[in-house]
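The values are calculated or read from the model by the stated rules, or taken from the named source; none is laboratory data. Source: prediction; values computed, not measured. Cβ atoms come from the backbone with ideal geometry, glycine included; neighbour counts cover every protein chain shown. Note: accessible area is taken over every heavy atom of the protein model, side chains too, but ligands, DNA and RNA are not part of it. Shrake-Rupley method; radii C 1.70, N 1.55, O 1.52, S 1.80 Å.
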Amino acid sequence: QVQLVESGGGLVQPGGSLRLSCAASGSGIRTMGWSRQAPGKEREPVAAITSGGTTGYADSVKGRFTISRDYAKNTVYLQMNSLKPEDTAIYYCRYHGLASIYWGQGTQVTVSS
């Protein structure tokens, strides 16, 4: 059974930075990513990284967010810079299994002065 443990959310001022982490256990190296859900909105993909290290980003975060992974730790990171109030959301880690997608419990990111 795949388990995902997230950390790193919090409150930050506009223009600030945060780094999210997601450690996967009970699983092999596969595509992982981050999605977010703001109040009253649908969950949306933010970034993803394949087992080979290819990355992809939503247009709204390109140039500001960077996804990376540590293969030895089977952990994915999301470095978020130049944060904006509209980045406020619950951020969910996801793991692309063979037959389904697994989700972390979510971590709150709040960007506010």
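Please list the equivalent ellipsoid semi-axes of the chain, computed as the square roots of five times the alpha-carbon gyration tensor eigenvalues, in descending order and whole angstrom.
23, 14, 13
What are the lysines whose alpha-carbon lies under 25 Å from the alpha-carbon of residue 41, with same-chain residues fewer than 8 places away excluded?
In chain and number order, the partners are 62, 84.
Identify the trypsin sites (Lys or Arg not before Pro) of the stretch 13-69 meeting these criteria: DSSP loop state and at most 13 other C-beta atoms within 10 Å of the C-beta.
41, 62
Collect residues whose amide H, placed 1.01 Å from N in the peptide plane, falls under 5 Å from the amide H of residue 16; neighbours closer than 5 in sequence don't count.
83
Take the solvent-accessible surface of the protein heavy atoms, probe 1.4 Å, and return the percent of it on the chain that carbon and sulfur atoms account for.
The value for the chain is 49 percent carbon and sulfur by accessible area.
Could I have the simple spin-label model distance between residue 58 and residue 70, label points 7 Å from Cα toward Cβ, reported in nm to one decimal?
It is 2.6 nm.
Report, in whole Å, the centroid distance computed from the Cα atoms of the stretch 93-112 and the stretch 20-82.
8
Return the distance in nm (one decimal) between the two label points of a simple spin-label model at residue 101 and residue 79, each offset 7 Å from Cα along Cα→Cβ.
2.5
How much area per residue is accessible in the chain when the probe is 1.4 Å and only protein heavy atoms are counted (Å²)?
Spelled out: the 1.4 Å probe surface of the chain, per residue, equals 52 Å².
Which FRET efficiency value, to the nearest 0.05, is calculated for residue 30 and residue 5 with the Förster distance at 22 angstrom and r the Cβ-Cβ distance?
Once rounded, the FRET efficiency stands at 0.85.
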